[in-house]
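Chemist: One structure coming up, written as structure tokens, with questions to follow.
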Amino acid sequence: MEQVEELHAALREAGATLATAESLTAGRLAAMLTDPPGASKTFRGGFVTYATELKHLLLGVPVSVIETVGVVSAECAAAMAAGARERSGSTYGLATTGVAGPEEQEGKPVGTVFLGVSGPHGETTARLGLSGSRAEIQRDTCLFAVDELLGLLRREHRRVR
């Protein structure tokens, strides 16, 4: 997949590495990122934290975030990304959380997705409103996550030059 290869090239150019933290994508993002040959030069690993308590136990998402705004939130996505980055020793953490279906979660409709990116310059989040089947929402989430980090790397690289 071309955009995944572009992301790896941008990471290599920046001398950076990546780790993932996934909920609704359940490992699909890590699988997509490791498909191209040579991915091991930039991809350190990933965390699949489908269960709420694992977001806290493995990634350090604060209980206060889980209890006040929930796991389908920008705050949770940012904390997941930061936890993946910190625990893997990578330059960037990339997180996905949301509702793939078949029914709403935490009062949020199917297709509500949050992406989180943690890097040397802090955390950013994005909210997506996706539609389609469960598989389509998961696939599109992965594609948007790759685009989100690739865009950030391009902006940061321009700033450094």
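The values are calculated or read from the model by the stated rules, or taken from the named source; none is laboratory data. Note that the structure is a prediction, hence the values are computed from the model and not measured. Backbone-built Cβ (ideal geometry, glycine too); neighbour counts: all protein chains shown.
Chemist: Among the residues of the stretch 89-99, what is the count of those that are in a strand (DSSP E or B) and closer than 11 Å to SER118 by Cβ? Write out each step before concluding.
Modeler: Residues of the stretch 89-99 in a strand (DSSP E or B): 92-98.
Checking which are closer than 11 Å to SER118 by Cβ leaves us with 92-95.
The qualifying residues number 4.
Chemist: Here is a follow-up. Hey, can you tell me all the residues within the stretch 1-42 that are among the hydroxyl-bearing types (Ser, Thr, Tyr), over 11 Å from the mean Cα position of the chain (by Cα) and over 18 Å from GLY119 (Cα atoms)? Reasoning before the result, please.
Modeler: Applying the first criterion (among the hydroxyl-bearing types (Ser, Thr, Tyr)) to the stretch 1-42 yields 17, 20, 23, 25, 34, 40, 42.
Subsequent filtering for residues that are over 11 Å from the mean Cα position of the chain (by Cα) retains 17, 34, 40, 42.
Listed by number, the residues that qualify are THR34, SER40.
Chemist: Looking at the structure I just gave you, is ALA10 assigned to a helix (DSSP H, G or I) and surrounded by 19 or more Cβ atoms within 10 Å (Cβ to Cβ)? Steps first, answer last, please.
Modeler: Values: assigned to a helix (DSSP H, G or I): yes; surrounded by 19 or more Cβ atoms within 10 Å (Cβ to Cβ): yes.
For ALA10, the condition - assigned to a helix (DSSP H, G or I) and surrounded by 19 or more Cβ atoms within 10 Å (Cβ to Cβ) - is met.
Chemist: Moving on. Got a sec? Which of GLY111, GLY132, GLY98 is out of contact with any Cys (no Cβ under 6 Å at 6 or more places or on another chain) and buried (at least 21 other Cβ atoms within 10 Å of the Cβ)?
Modeler: Numbers: GLY111 fails: buried (at least 21 other Cβ atoms within 10 Å of the Cβ); GLY132 fails: buried (at least 21 other Cβ atoms within 10 Å of the Cβ).
Result of the check over GLY111, GLY132, GLY98: GLY98.
Chemist: Considering only residues that are of a type in the set (Asp, Glu) and either touching a residue at least 24 places away in the same chain (Cβ under 8 Å) or under 17 Å from GLU148 (Cα atoms) (or both), which ones fall in the stretch 42-81?
Modeler: So in the stretch 42-81, the residues of a type in the set (Asp, Glu) come out as 53, 67, 75.
Correct list: GLU75 only.
Chemist: Please indicate, with yes or no, whether at least one residue in the stretch 107-122 is touching a helix residue (DSSP H, G or I) at 6+ places or on another chain (Cβ under 7 Å) and modelled with pLDDT under 95.
Modeler: yes
Chemist: Let me ask you something else. Kindly indicate which of GLU53, GLU75, GLU86, GLU67 is more than 27 Å from PRO109 (Cβ to Cβ) and in a helix (DSSP H, G or I).
Modeler: Working: GLU53 fails: more than 27 Å from PRO109 (Cβ to Cβ); GLU75 fails: more than 27 Å from PRO109 (Cβ to Cβ); GLU67 fails: more than 27 Å from PRO109 (Cβ to Cβ).
Selected residue: GLU86, the only one of GLU53, GLU75, GLU86, GLU67 that is more than 27 Å from PRO109 (Cβ to Cβ) and in a helix (DSSP H, G or I).
This table checks each residue for (1) surrounded by 21 or more Cβ atoms within 10 Å (Cβ to Cβ); (2) modelled with pLDDT under 95; (3) in contact with a Lys or Arg (Cβ under 9 Å, 6 or more places away or on another chain).
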position: ALA14; (1), (2), (3): no, no, no
position: ALA19; (1), (2), (3): yes, no, yes
position: GLY27; (1), (2), (3): no, no, no
position: PRO36; (1), (2), (3): no, no, no
position: LEU58; (1), (2), (3): no, no, yes
position: SER73; (1), (2), (3): yes, no, yes
position: GLY83; (1), (2), (3): yes, no, yes
